[in-house]
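The values are calculated or read from the model by the stated rules, or taken from the named source; none is laboratory data. Because the structure is a prediction, the values reported are computed rather than measured. Cβ atoms come from the backbone with ideal geometry, glycine included; neighbour counts cover every protein chain shown. Accessible surface is based on the protein model in full, side chains and every heavy atom, while ligands, DNA and RNA are left aside. Shrake-Rupley method; radii C 1.70, N 1.55, O 1.52, S 1.80 Å.
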Amino acid sequence: MIICKFGGTSVQDAEAMERVAGIVGQRVAAKPVVVASAMGKTTNGLLEAARLAADGEREKALGVLDELKTRHLSEARRLGLDTGCPGLFTTIDEHFAELSNIVGGLATLGALTPRSMDATAAHGERLSTLILHACLNSRGIPAELMDSRRFIITDDSFTRASPLFDLTDAAVRQHIMPVLRAGKVPVVQGFIGSNRRGVTTTIGRGGSDYSASIVGAALDAYDIQIWTDVDGIMTADPRLVPEARRVRVISFDEAAELAYFGARVLHPATILPAVRKKIPVHVLNSYRPDQEGTLITDEAPPSENTVKSIACKTGITIVNITSSRMLMAHGFLRAIFEIFDRFQVPVDVVSTSEVSVSLTVDDITHLWDIVTELKKIAEVNVEGGKAIVCCVGDNLRGTPGVLHLLMEAVKDINILMVSQGASAINVTFVIDEDQTARCVRNLHDVFFQKLDPRIFD
Ligand code: ADP
Ligand code: ASP
Ligand code: MG
């Protein structure tokens, strides 16, 4: 059996859903499990409505919901689902009635909790799969609509919940296997789950890729297909570098680094469950389903190119911490990291000197609490508006002179931090955010002038 995950743009409207039906229809013999994101930018819209309501803008919030409702109804109608799908339109109406209730409640309370954000956002995937399921059935593909909240069981960290794998693996098998055995295509919501008490949770923005690999690993799928709006993992984000080329094959380790350092094409956690079961992951273009895409696998063949791809992440903050009392006294680093750990804030890049430590974070929700704690042991200064640019490739491991080439490529850019060697397959720079596109393009020009045809398209 295989997993076919379709992202937001791949189910954004009637034409996109029609393409999905075509892709799934061609793969019925491989027993696909379909995992889908919310349609287009629905998640943003739902969260915007929740925020507006909590800020006292009830009417505006209802306006946003109204637009979303119109779009869902009209795309379902354009798919011809108003005949032959009894109850579909009533169910869509019910979802929006429930959303209006949530929005009313948030407006009354004047507060937005992570728990209510999840309750609101989850409707996006519930609606898209409702329509996709009806679409598949109406195109002669026997499908069954599942409820991920019954089998993706998570902890209580609303908006970024972690799956509890023991419970989840067993529940996924228990719910999905009988449907597959009955010869049907299970249609599963990405992104959402529930905690042990059945309260709706979500596993983090962009998390449908992760849902796909969680389900794939639990079911021992032989292929996890991530269908998106680009030809695969490219040598850089094609929105920044239009001439970026497709990477044919890449290792799990390389893909994980790229995802972690900002290549949005894959959610950072996607690779873990696949690695656990050594399941290949394919990244494919739902707009050009006949293209080969990118294969992510245990071991990629050797490449003549040093770098496989360049990732970047903006909205980064540098925290500079200078020891006020002692020169890097014993325990100083431990004390610093203990504070970040206490607030569960991951640190991405670190560099140290004799008396100071600089590190970067991209989640600033708890930054001021962290700074307050740090100031008890050190002088602290914070610089926002930064970006991380990260070159990834197996060959960076031990290629002599590579740092020189990298530095040459970015010589006219102010480099604030560099990290090399931490993972052996990446070199990471921290720069001013407004230099990101230029930095990525310069690096791309240097490292992808000649392409190894075995690895690149
Ligand atoms: P989906 O909705 O299918 O999950 P996303 O928008 O999350 O799609 O991810 C696809 C986008 O990722 C692409 O449109 C592209 O702009 C961006 N992206 C960033 N880095 C890369 C890369 N190295 N290769 C391909 N796409 C990338
Ligand atoms: N719909 C969710 C989001 O927009 C999850 C996903 O698309 O992967 O973040
Ligand atoms: Mg995505």
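More than 10 Å from ligand 1 (Cβ to nearest atom), surrounded by fewer than 24 Cβ atoms within 10 Å (Cβ to Cβ) and farther than 15 Å from ALA121 by Cβ: is that true of LEU240 in this structure?
no
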Taking the stretch 103-136, which residues are touching an Asp or Glu at 6+ places or on another chain (Cβ under 9 Å) and either outside any helix (DSSP H, G or I) or of a type in the set (Phe, Trp, Tyr) (or both)? GLY110, LEU112
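Residue-by-condition table, conditions (1) small (Gly, Ala, Ser); (2) within 30 Å of VAL371 (Cβ to Cβ); (3) within 17 Å of the chain's Cα centre (by Cα); (4) within 14 Å of ligand 1 (Cβ to nearest atom):
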residue	(1), (2), (3), (4)
ARG246	no, no, no, yes
ILE250	no, no, no, yes
LEU266	no, no, yes, yes
ALA300	yes, no, no, no
HIS330	no, yes, no, no
GLN344	no, yes, no, no
VAL350	no, yes, no, no
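So which residues in the stretch 63-85 are of a type in the set (A, V, I, L, M) and either surrounded by fewer than 19 Cβ atoms within 10 Å (Cβ to Cβ) or free of Cβ contacts under 8 Å to residues at least 12 places away in the same chain (or both)? Outline the logic, then answer.
As a first pass, look at the stretch 63-85 and keep what is of a type in the set (A, V, I, L, M): 64-65, 68, 73, 76, 79, 81.
LEU73 - this is the single residue of the stretch 63-85 that is of a type in the set (A, V, I, L, M) and either surrounded by fewer than 19 Cβ atoms within 10 Å (Cβ to Cβ) or free of Cβ contacts under 8 Å to residues at least 12 places away in the same chain (or both).
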Only listed residue being surrounded by fewer than 22 Cβ atoms within 10 Å (Cβ to Cβ), free of Cβ contacts under 8 Å to residues at least 40 places away in the same chain and away from ligand 1 (no atom under 16 Å from the Cβ), chosen from LEU145, LEU164: LEU164
Within the stretch 218-232, the residues that are more than 14 Å from ligand 1 (Cβ to nearest atom) and open to solvent by 30 Å² or more (accessible area, probe 1.4 Å) are ASP220, TYR222
Which count do you get for residues in the stretch 195-212 that are away from ligand 3 (no atom under 16 Å from the Cβ), more than 13 Å from SER162 (Cβ to Cβ) and touching a residue at least 12 places away in the same chain (Cβ under 8 Å)? 3
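Only residues that are buried (at least 19 other Cβ atoms within 10 Å of the Cβ) and not charged (D, E, K, R): list them for the stretch 307-322, please.
Narrowing the stretch 307-322 to residues buried (at least 19 other Cβ atoms within 10 Å of the Cβ): 307-313, 316, 318-319, 321.
Selection gives VAL307, SER309, ILE310, ALA311, CYS312, ILE316, ILE318, VAL319, ILE321.
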Among the residues of the stretch 383-408, how many are buried (at least 22 other Cβ atoms within 10 Å of the Cβ) and not in a helix (DSSP H, G or I)? 8
Could you check GLN12 against (1) open to solvent by 10 Å² or more (accessible area, probe 1.4 Å); (2) in contact (Cβ under 8 Å) with a residue 40 or more places away in the chain; (3) within 12 Å of ligand 1 (Cβ to nearest atom) and say which number it fails? (2)
Of the residues THR428, THR360, which is under 22 Å from GLN344 (Cα atoms), of a type in the set (Ser, Thr, Tyr), open to solvent by less than 20 Å² (accessible area, probe 1.4 Å) and in contact (Cβ under 8 Å) with a residue 60 or more places away in the chain? THR360
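A quick yes/no check of all residues on (1) within 20 Å of TYR260 (Cα to Cα); (2) touching a strand residue (DSSP E or B) at 6+ places or on another chain (Cβ under 9 Å):
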site: THR322; (1), (2): no, yes
site: SER351; (1), (2): yes, yes
site: ILE364; (1), (2): yes, yes
site: LYS376; (1), (2): no, no
Exception for ALA49 within (1) within 16 Å of ligand 3 (Cβ to nearest atom); (2) out of contact with any strand residue (DSSP E or B) (no Cβ under 8 Å at 6 or more places or on another chain); (3) open to solvent by less than 10 Å² (accessible area, probe 1.4 Å) falls at (1)
Does the stretch 338-350 contain at least one residue that is of a type outside the set (Phe, Trp, Tyr), assigned to a strand (DSSP E or B) and surrounded by fewer than 19 Cβ atoms within 10 Å (Cβ to Cβ)? yes
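When the residues of the stretch 285-325 are narrowed to those that are in a loop (DSSP other than H, G, I, E, B) and among the β-branched types (Val, Ile, Thr), which ends up farthest from ligand 3 (Cβ to nearest atom)? Write out each step before concluding.
Step one: filter the stretch 285-325 for residues in a loop (DSSP other than H, G, I, E, B), giving 286-293, 298-308, 324-325.
Subset that is among the β-branched types (Val, Ile, Thr): 306-307.
Values: THR306: 28, VAL307: 23 Å.
Ranking the qualifying residues of the stretch 285-325, first place goes to THR306.
Pick out the one residue from THR159, THR83, THR91, THR108 that is within 22 Å of the chain's Cα centre (by Cα) and either polar (S, T, N, Q) or within 16 Å of GLY216 (Cα to Cα) (or both). Walk me through how you get there before you give the answer.
Details: THR83 fails: within 22 Å of the chain's Cα centre (by Cα); THR91 fails: within 22 Å of the chain's Cα centre (by Cα); THR108 fails: within 22 Å of the chain's Cα centre (by Cα).
Only one candidate passes the filter, namely THR159.
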Every pair of residues 6+ apart whose Cβ atoms lie under 6 Å, when the first sits in the stretch 19-44 and is open to solvent by 20 Å² or more (accessible area, probe 1.4 Å) while the second is of a type in the set (Ser, Thr, Tyr): ARG19/SER286
Can you tell me which condition HIS267 does not meet? The list is (1) within 15 Å of ligand 3 (Cβ to nearest atom); (2) over 21 Å from LEU443 (Cα atoms); (3) open to solvent by less than 20 Å² (accessible area, probe 1.4 Å), and all the others hold. (3)
